[in-house]
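Novice: Quick one: this structure, given as structure tokens, is what I'll be asking you about.
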Amino acid sequence: MRDQPIFKGVLFGLMMILTLAFSACQGENVPAPTSTATLAPTHTDTPQPTATITPSATATLTSTPSPTLTPSATPTLAAYGPTGFPAFVNPLTGLTVSDPDILERLPVLVKVSNFPRSLRPHAGLSFADLVFEYYIGAGATRFTAVYYGQDTKQAGPVRSARLIDVGLGNAYQGILAFASADAFVYVRVVDALLDRAITESSNTCPGLCRTGNGDVNSVFVDTAELTTFAVESRNVASTAPNLEGMRFDPSVPTGDGSGQRVQVRYASNTISEWRFDSATGTYLRWIEDVDAANNVTLVPLTDRLTNQQLGFSNVVVLFAAYTELKPTLHDIEILGNTFGRRAILFRDGQRLELVWKAVGNQPLQFFLPDGTPAPFKPGNTWFEVVGVNSAVEEVTSGAWEVEFRLP
């Protein structure tokens, strides 16, 4: 009978152990799994794909690297103009801007060289609202690029002013950035634009700077910095001028026929060609390349800042009166055209016959033959300024060629 107490003790111990274990399992505070926040991916600007180009029989293509910058204009689907633009809409493009304050300033007009060909590709042309291309003699052309709705860190190479800049500078009431000028031209540009005419010098950097090896094609503009320089050092206005006058409508109008391609031949070896690309809804720019044997081929013209081919929503062939003062000096009538001259608008693969006029110190205005404002596509516009006697021919259906002729 001595074994019974021992058995009861063992049994009692086992029961106590089981009880404690069960209590521990019920009473243990097990922390709930910590919630891990799912972070939204950081936005990364995705380069726009380079449009696939189908070259003509003579065109030579090279591979295009991925872009590093993309013009920041925001498309709009609304119709605006020619007057009554809201504060958030750029009157030179019909596009909305993310920050309306950028429009509270004067436009910046930049003289951009197109020759020698070795300087290509240019910098910053894809960021311009407007670009005017015109003949300067010796078989060459030059550009005046207008920046208003967005800036570019680099535009150029910058070259000398020309007499056309008197008219353009006043029509768009802008700051003109240039690198020197013929004495005859310089006096007239400065007299017309006063402190808004800024030529490159030691004190214009970082807005207008000579870089690299310091040759004639090494001057570039930072448009935002140049605006700051003009306001702070030249006391130019920091408020928006009246830049109304153009009408923008995303609806494709009934045109005067097909306008899929337009080529402007300023000289036998100086060619500007635009081909409508339905994928982007823009006209893509092609330009001549000439080899040692003087063979001419057309190649895509790109922007060195984006590595993308230039694409413009509108291309206008603008007929203007040239006065040749000497083989490399021409006066081009801009503000004097108050009665109306011919223009041809290419947009959305369509061609529209227009009349253009200059009305005081305001942007150029464009009208349909019935006198109503012409409907530009919202976006940027490239103007090919040709002589009034230039020949126009539709060589195949929708393909147009313009042969530059003076005056």
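Quick grid of which residues meet (1) part of a strand (DSSP E or B); (2) within 20 Å of Asp249 (Cα to Cα):
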| residue | (1), (2) |
| --- | --- |
| Ala87 | no, yes |
| Gly94 | no, yes |
| Ile102 | no, no |
| Val110 | yes, no |
| Phe115 | no, no |
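Novice: From the list Ala145, Ala237, which residue is within 24 Å of Gly94 (Cα to Cα), in a loop (DSSP other than H, G, I, E, B) and either touching a Cys at 6+ places or on another chain (Cβ under 6 Å) or of a type in the set (A, V, I, L, M, F, W, C) (or both)?
Specialist: Result of the check over Ala145, Ala237: Ala237.
Novice: Take the residues in segment 105-131 that are hydroxyl-bearing (Ser, Thr, Tyr) and out of contact with any Lys or Arg (no Cβ under 9 Å at 6 or more places or on another chain), then tell me which one is surrounded by the most Cβ atoms within 10 Å (Cβ to Cβ).
Specialist: Going through the qualifying residues, I end up with Ser126.
Novice: Return the total of residues in segment 161-184 being in contact (Cβ under 8 Å) with a residue 24 or more places away in the chain and closer than 16 Å to Val216 by Cβ.
Specialist: Selection size over segment 161-184: 6.
Novice: Follow-up question, since we're still on this one. Name the pairs whose Cβ atoms lie under 6 Å apart, with the first residue in segment 259-275 and of a type in the set (A, V, I, L, M), the second outside any strand (DSSP E or B), and 6 or more positions between them or separate chains?
Specialist: Correct list of pairs: Ala267/Gly139.
Novice: Evaluate the following for Phe88: is it over 24 Å from Ile198 (Cα atoms) and not small (Gly, Ala, Ser)?
Specialist: Judged against the criteria, Phe88 is a match.
Novice: Something else now. Here is a list of conditions, (1) surrounded by fewer than 20 Cβ atoms within 10 Å (Cβ to Cβ); (2) part of a loop (DSSP other than H, G, I, E, B); (3) of a type in the set (A, V, I, L, M), and Ala161 meets all of them except one; can you say which number that is?
Specialist: Ala161 satisfies all of (1) surrounded by fewer than 20 Cβ atoms within 10 Å (Cβ to Cβ); (2) part of a loop (DSSP other than H, G, I, E, B); (3) of a type in the set (A, V, I, L, M) except (1).
Novice: Give segment 223-236 a look and list any residue that's surrounded by 15 or more Cβ atoms within 10 Å (Cβ to Cβ), of a type outside the set (Ser, Thr, Tyr) and more than 20 Å from Ala181 (Cα to Cα), or say none.
Specialist: Ala224, Glu225, Phe229, Val231, Val236 - these are the residues of segment 223-236 that are surrounded by 15 or more Cβ atoms within 10 Å (Cβ to Cβ), of a type outside the set (Ser, Thr, Tyr) and more than 20 Å from Ala181 (Cα to Cα).
Novice: Right, another one. Just to be sure before I move on: is Phe248 crowded, with 21+ Cβ neighbours inside 10 Å and over 20 Å from Arg162 (Cα atoms) in the structure I sent?
Specialist: yes
Residue-wise test of (1) of a type in the set (Asp, Glu); (2) in contact with an Asp or Glu (Cβ under 7 Å, 6 or more places away or on another chain).
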| residue | (1), (2) |
| --- | --- |
| Leu325 | no, yes |
| His330 | no, yes |
| Leu335 | no, no |
| Ile344 | no, yes |
| Pro363 | no, no |
| Pro378 | no, no |
| Glu384 | yes, yes |
| Glu394 | yes, no |
| Ser397 | no, no |
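Novice: Under 7 Å between Cβ atoms, at least 6 apart or on separate chains: pull out the pairs that start in segment 120-131 with a residue that is without any contact (Cβ under 8 Å) to a residue 24 or more places away in the chain and end on any residue that is of a type in the set (S, T, N, Q) and in a helix (DSSP H, G or I).
Specialist: Within 7 Å, no pair qualifies.
Novice: List, please: which pairs have Cβ atoms under 7 Å, are six or more places apart or on different chains, and start with a residue in segment 228-244 that is over 14 Å from Ala197 (Cα atoms) and end with one that is assigned to a helix (DSSP H, G or I) and at pLDDT 95 or above?
Specialist: Matching pairs, first to second residue: Ser238/Val231; Ala240/Leu103.
Novice: A further question follows. I'd like the full set of residues that are assigned to a loop (DSSP other than H, G, I, E, B), of a type outside the set (A, V, I, L, M) and more than 30 Å from Pro86 (Cα to Cα), limited to segment 117-142.
Specialist: Arg120, Pro121, Gly139
Novice: Here is a follow-up. Can you tell me how many residues in segment 186-227 are touching a residue at least 60 places away in the same chain (Cβ under 8 Å), of a type in the set (Gly, Ala, Ser) and under 16 Å from Leu119 (Cβ atoms)?
Specialist: Number satisfying all stated conditions: 1.
Novice: Of all the residues that make up segment 322-347, how many are at pLDDT below 95 and in a strand (DSSP E or B)?
Specialist: So the count comes out to 0.
Novice: Quick check on segment 103-127: of everything there that is among the hydrophobic types (A, V, I, L, M, F, W, C) and in contact with a helix residue (DSSP H, G or I) (Cβ under 9 Å, 6 or more places away or on another chain), which residue is farthest from Val189 (Cα to Cα)?
Specialist: Among them, the one singled out is Phe127.
Novice: Give the residues of segment 371-384 that are buried (at least 21 other Cβ atoms within 10 Å of the Cβ) and part of a loop (DSSP other than H, G, I, E, B), sorted by residue number.
Specialist: Ala374, Lys377, Pro378, Gly379, Asn380
Novice: Working carefully through the options Ala181, Ala192, find the one that is assigned to a helix (DSSP H, G or I), within 25 Å of His330 (Cα to Cα) and more than 19 Å from the chain's Cα centre (by Cα).
Specialist: Ala192
Novice: Would you point out which residue out of Val392, Val402, Val359 is surrounded by fewer than 17 Cβ atoms within 10 Å (Cβ to Cβ), assigned to a strand (DSSP E or B) and aliphatic (A, V, I, L, M)?
Specialist: After applying the criteria, what remains is Val392.
Novice: Another question, if that's okay. Of these, Gln150, Gln173, which one is in contact with a Leu (Cβ under 8 Å, 6 or more places away or on another chain) and part of a loop (DSSP other than H, G, I, E, B)?
Specialist: Of Gln150, Gln173, the one residue that is in contact with a Leu (Cβ under 8 Å, 6 or more places away or on another chain) and part of a loop (DSSP other than H, G, I, E, B) is Gln173.
Novice: Same structure, new question: Quick one: is Leu368 within 21 Å of Val131 (Cβ to Cβ) and surrounded by 15 or more Cβ atoms within 10 Å (Cβ to Cβ)?
Specialist: Against the criterion (within 21 Å of Val131 (Cβ to Cβ) and surrounded by 15 or more Cβ atoms within 10 Å (Cβ to Cβ)), Leu368 does not qualify.
The values are calculated or read from the model by the stated rules, or taken from the named source; none is laboratory data. Note that the structure is a prediction, hence the values are computed from the model and not measured. Positions of Cβ are generated from backbone atoms using ideal geometry, with glycine treated the same way; all protein chains shown enter the neighbour counts.
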